[in-house]
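Novice: Supplied in structure tokens, the structure appears directly below.
The values are calculated or read from the model by the stated rules, or taken from the named source; none is laboratory data. Just so you know, these numbers come straight off a predicted model, no measurement behind them. Heads up, the Cβs are rebuilt from the backbone with ideal geometry, glycines too, and the neighbour counts pull from every protein chain shown. Calculation scope for accessible area: heavy atoms of the full protein, side chains included, ligands and nucleic acids excluded. Shrake-Rupley method; radii C 1.70, N 1.55, O 1.52, S 1.80 Å.
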Amino acid sequence: MTKQEIITKVNEVFEESFEIEKEKLQPQMNIFEDLGLDSLDIVDLVVALQEKFGIKIRDDERIRAIRSLGDIYQFTMTMQNKAK
Amino acid sequence: MYELKLVCLNTIFYLSFIAFSMISIPLFVLFITSLSLFVSKRLVMKKFRRAISWYGAIIIRLFPFPFIRILFKDYEKKPLKGPFLFVCNHRSASDAFLMSCIPYECVQVVNIWPFRIPVLGILARLSGYLNINKMPFEKFSQRACELLKQGVSIIAFPEGTRSGNGNMGPFHGSIFRVGLMSRCPIVPICISGNEKIPRRGSLLLRPGKIKVHKLPALQWKEYKYLNPFTLKNKVRNIIAGELTVMEAQG
């Protein structure tokens, strides 16, 4: 999966699960302050990402360090590469 | 002239507040303790919460009058049977006292600091206020659902902390998840005008007019198709819209 495909799929998760407008989905956006997610939403986000990409990320400690949408793109890319 | 008003307001308010608390709280504890010998725990808790509401109403409505006026508006045409989840914007420490306008048996979802206030913190704990910072979500939701089953409404400030500057912060979703689980109606509450009563980090009260608007309840059947994230933002938008109107009216 290319980088752009991963970005598109992650954005789809935000649009489908959280109904966030496409225009807001920029890599620099802080998922808490700009997009309004809270710690419980992160659990839903992880589940949605797992379903979308078919990977297991729930127990990964690096999730705690995620702050921006760009961090999620990067994290998902790393997990995708690891799953290959 | 304004300085004189400020001195009068704060002197009268704080002296009355301290004197009233010193007299009423021991009497109130004595009354509740005596009552608990004769009636069920549920009834004691009901009276306890009613007394706290009266205490709050006297402090926020009577003592600062006429320097601070509270204008309460209920958009519900006829009173509905509770319980409800009341969801409110949070600008000042006076918000907790302003909740005495709500004519239902309620507990509040609070942060750690209200529990640390001498005496009042103990009363809050005894009356079953929920400390969101000390509870994992599972425990919080279980306790909240138990209270709702008993007919006790819950008041939450989902911004989590006082915004101070009047701009509403993002909402936390816990209370909305409780709504989806319990099927309880959600009632948005809007408070405007108390940003400086008192300002965050200060105890100084400033004269003004505080408006509290209780908006129509959002029934479970209206929001059951929404996920917690969408629901919290829907309620946030309702509150933000009403606040814009309230502030435009002055």
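Novice: Top to bottom by accessible area (1.4 Å), largest first, where do B:234, B:139, B:77 land? Can you show the working numbers first?
Specialist: Working: B:234 80, B:139 115, B:77 200 Å².
So, going from the largest accessible area down, we get B:77, B:139, B:234.
Novice: Leaving ligands, DNA and RNA out of it, rank B:45, B:22 by accessible area with a 1.4 Å probe, largest first. Before the final figure, lay out the partial values.
Specialist: Values: B:45 35, B:22 135 Å².
Ranking B:45, B:22 by accessible area, largest first, yields B:22, B:45.
Novice: So how far, in whole Å, is the C-alpha centre of region B:58-126 from the one of region A:53-84?
Specialist: First find each Cα centre; the distance between them is then 42 Å.
Novice: Between residue B:6 and residue B:161, what's the calculated FRET efficiency when r is the beta-carbon distance and R0 is 22 Å? Round to 0.05.
Specialist: Details: r = 26 Å, r/R0 = 1.19.
With R0 = 22 Å, the Cβ-Cβ based efficiency is 0.25.
Novice: Sticking with this one: Measure of size requested: the Rg and Dmax of region A:3-83, with Cα atoms as the atom set and Å as the unit; please supply both.
Specialist: 11.4, 31
Novice: Obtain the radius of gyration and the Kirkwood radius of chain B from its C-alpha atoms and give Rg over Rh. Present the calculation step by step, with values, prior to reporting the outcome.
Specialist: On the way: Rg = 18.0 Å, Rh = 18.8 Å.
Taking Rh as the inverse mean 1/r over Cα pairs, Rg/Rh reads 0.96.
Novice: When you take every Cα atom in region B:139-201, what is the radius of gyration, and what is Dmax, the widest Cα pair distance, in Å?
Specialist: 13.9, 37
Novice: What are the extents of the Cα atoms of the protein assembly as shown along their three principal axes, listed from largest to smallest and rounded to whole Å?
Specialist: Rounded to whole Å, the extents work out to 72, 54, 39 Å.
Novice: Excluding ligands and nucleic acids, what accessible area in Å² is computed for residue B:67 using a 1.4 Å probe, to the nearest 10?
Specialist: In the full protein context, residue B:67 sits at about 50 Å².
Novice: Residues with beta-carbon under 15 Å from that of residue B:38, excluding residue B:38: net charge, scoring Lys, Arg +1 and Asp, Glu -1? Mind dumping the intermediate values first?
Specialist: On the way: positive: B:41, B:42, B:46, B:47; negative: none.
For residues surrounding residue B:38, the net value is +4.
Novice: Once fully extended, how much extra length lies between residue B:34 and residue B:115, figured as 0.36 nm per residue of separation less the alpha-carbon to alpha-carbon distance? Please report the intermediate quantities before stating the final value.
Specialist: On the way: separation 81, 0.36 × 81 = 29.16 nm, distance 2.46 nm.
Fully extending the segment from residue B:34 to residue B:115 adds 26.7 nm.
Novice: Contour minus end-to-end for residue A:47 and residue A:33, with contour as 0.36 nm per residue of separation and end-to-end as the Cα-Cα distance? Don't jump to the answer; show the numbers that get you there.
Specialist: Values: separation 14, 0.36 × 14 = 5.04 nm, distance 2.10 nm.
Residue separation times 0.36 nm, minus the Cα-Cα distance, leaves 2.9 nm.
Novice: Starting from the Cα of residue B:133, step 7 Å along the direction of its Cβ; do the same at residue A:81; then give the gap between the two resulting points in nm.
Specialist: In this crude label model, residue B:133 to residue A:81 measures out at 4.0 nm.
Novice: Can you tally the lysine pairs in region A:3-83 where the Cα-Cα distance is under 24 Å and the two residues are eight or more apart, or on different chains?
Specialist: 14
Novice: Along the Cα→Cβ direction, 7 angstrom out, place labels at residue A:12 and residue B:27. What is the inter-label distance in nm?
Specialist: Rounded to a tenth, the inter-label distance reads 6.8 nm.
Novice: When the solvent-accessible surface of protein heavy atoms is calculated with a 1.4 angstrom probe, in what order do B:50, B:42 fall, highest first? Don't jump to the answer; show the numbers that get you there.
Specialist: Numbers: B:50 145, B:42 75 Å².
Sorted descending by solvent-accessible area, the residues read B:50, B:42.
Novice: Using unit Cβ charges (K, R positive; D, E negative) and no other charged atoms, how large, in debye to the nearest 20, is the dipole of region B:98-232 about its Cα centre? All intermediate terms of the calculation are to be shown ahead of the outcome.
Specialist: Working: 19 positive and 6 negative charges, 48 e Å.
My answer is approximately 240 debye.
Novice: Can you give the accessible area of residue B:247 in Å² (nearest 10), computed on protein heavy atoms with a 1.4 Å probe?
Specialist: Roll a 1.4 Å probe over it and residue B:247 shows about 90 Å².
Novice: I would also like to ask the following. Principal axis lengths of region B:74-209 from Cα atoms, whole Å, largest first?
Specialist: Here the spans come out as 40, 37, 28 Å, largest first.
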